[in-house]
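The values are calculated or read from the model by the stated rules, or taken from the named source; none is laboratory data. For clarity, every value in this text was computed on a predicted model and none was experimentally measured. Positions of Cβ are backbone-derived with ideal geometry, glycine not excepted, and every protein chain shown enters the neighbour counts. Surface areas here come from the heavy atoms of the whole protein model, side chains and all, with no ligands, DNA or RNA. Shrake-Rupley method; radii C 1.70, N 1.55, O 1.52, S 1.80 Å.
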Amino acid sequence: MSDWDKTMDLLFGFVTGHIHSRMFETILKFSICDLLEDGPKHYSEISKIIGFKNESYCYRLMRYFVPYKLFNESVVQVGLFSKTPSSTQFSKNGTLKNLGRFHCQDHHYRIFESLPKTLEMGKNQGPSSIGLSSFWEHFETDESYKQLFHNAMKDYTSLIIDRLISKISLSPNFKTVVDIGGSHGFLIGKLLESNPNIHGINFDLENIINSSTSKNENFQHPRLKHVSGDFFNSVPEADCYILKYILHDWSDEKCITILNNIHKSLKPNGKLFINDLVLDPSNYTKEAVFKDILMMQYFDAKERSINEWHQLFEKCGFKIDSVDTSISPQLMIVSKINSSNINLNDCTNFNSEIVEEKLKNSLPQFVNC
Ligand SMILES: C[S@@+](CC[C@H](N)C(=O)[O-])C[C@H]1O[C@@H](n2cnc3c(N)ncnc32)[C@H](O)[C@@H]1O
């Protein structure tokens, strides 16, 4: 790609990105991808089904996405559109429709208007700039937004669930596994299906586990309990915890509270399976650095490198046994440090130089299979 083409990519990808996003949102809002699932359709038919007043606008919007391979347009009959693998992903038959709609939500645009201010002040200005005490507050006031978020998370999980489950190998001695912040329990429910001797707990906030709409969404399995609570207070006792996309939502300080609560409730020889991104400074993926900025502006949180993960876990009396980089987000297996000289109450006086020295001698095993 020439330098000019790279510059044009920046212009159309970033400088005009908000326009692309609005166009894509319109496609998703009117479920246009769904309408092509049963076979090709002329734009006039699509326009009529949706109820647009000017069918040529519909044509121009759909045509815009042809170079991006979201739709195909027939070369024989102009205006006849058909599905592509990408449009199927964003349709009722795919796994990205909810995620796409979630990211296009109005208040996400508005939270990002204060990104320059966050940089200037060196402090998160996102949710507070639109009158929220935190990103999570919006879930309490808007039930449909909350449902969209949890459906989006489920869609996202379903992209990797089979591989993830194949990598979560549970000891035969484990009796209880808790999915911390497990949403509606899709992952833990599926994990129980392949582990007949395990009992599972899906642990999440009261308004996720017990609200009237959520109850229909909670995954049903005879060995699965849905328990509500707040991981900043305590977590149910278990032999094993799964934390999928939890710690990246929180600052180090908040993560320490969560991990200390888990440390107290984890039974001897227990394990944590942490499914979260591990930033690799020698090979940043677009997904990882994008999410890092999202975390900064939504939650005052971050994605972490392996050294940052090490430091965080060690502060709370844990160590990383292995990191599986063949899956994204990566899977870290973590256990308690069996040492009596770690003072969990002394986390705030943590000395990073000492830990870095220790790290050099005790890097985990990296698995990439
Ligand atoms: C990013 S979502 C991840 C959901 C799920 N683990 C997944 O990967 O699909 C974070 C989850 O943490 C839950 N959560 C947030 N604050 C919590 C708290 N204080 N106690 C328990 N769960 C909490 C949210 O309700 C949400 O389900």
C-alpha long axis of helix 17-29 to longest principal axis of the chain, angle in °
80
Can you give the calculated 222 nm mean residue ellipticity of the chain, where each DSSP H run of n ≥ 4 adds -39,500 (n - 2.57) and the sum is split over every residue, rounded to the nearest 500 deg cm²/dmol?
-13000 deg cm²/dmol
Within region 221-251, backbone nitrogen closer than 16 Å to the virtual label 7 Å beyond the Cα of Lys175 toward Cβ
223-225, 236-241
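Kirkwood-based Rg over Rh for the chain (C-alpha set), two decimals? Please report the intermediate quantities before stating the final value.
Numbers: Rg = 23.0 Å, Rh = 22.9 Å.
Result for the chain is an Rg/Rh of 1.00.
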Report, to the nearest 10°, how far helix 143-167 tilts away from the longest principal axis of the Cα atoms in the chain, using its own Cα long axis and a range of 0 to 90°.
70
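Provide, as a two-decimal number, the C-alpha radius of gyration of region 198-314 over 2.2 N^0.38 Å, N being how many residues it has.
Numbers: Rg = 15.7 Å, N = 117, 2.2 N^0.38 = 13.4 Å.
That works out to 1.17 for region 198-314.
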For region 3-94 (alpha-carbon point model, no solvent) the Debye-based log₁₀ I(q)/I(0) at q = 0.10, 0.21 Å⁻¹ works out to -0.27, -1.03
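Output the relative contact order of the chain, whole-number percent, from Cα pairs under 8 angstrom with separation of 6+ residues.
On the way: 549 pairs, mean separation 38.9, N = 369.
Answer for the chain is 11 percent.
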Please work out the Kirkwood hydrodynamic radius for region 95-155, using every pair of different C-alpha atoms, and report it in angstroms with one decimal place.
12.4
So how far apart, in nm, are the two label points at Ser328 and Asn307 if each is 7 Å from Cα heading toward Cβ?
2.3
For the chain, give the magnitude of the charge dipole about the Cα centre (Cβ charges: +1 Lys/Arg, -1 Asp/Glu; no others), in debye to the nearest 20.
740
Whole-percent carbon and sulfur contribution to the accessible surface of region 88-173 (1.4 Å, no ligands, DNA or RNA) stands at 51
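I'd like to compare 327-333, 45-51: which one has the highest average count of other Cβ atoms within 10 Å, and what's the full order after that?
On the way: 327-333: 20.1, 45-51: 15.1.
Highest mean packing first, the order is 327-333, 45-51.
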Heavy-atom accessible area per residue - region 95-155, 1.4 Å, Å²:
51
Take the alpha-carbon positions of region 156-367, form their convex hull, and give its projected area averaged over all directions (one quarter of the hull surface) in nm².
12.0
Would you mind telling me the share, in percent, of accessible area of region 179-286 contributed by carbon and sulfur at probe 1.4 angstrom?
49
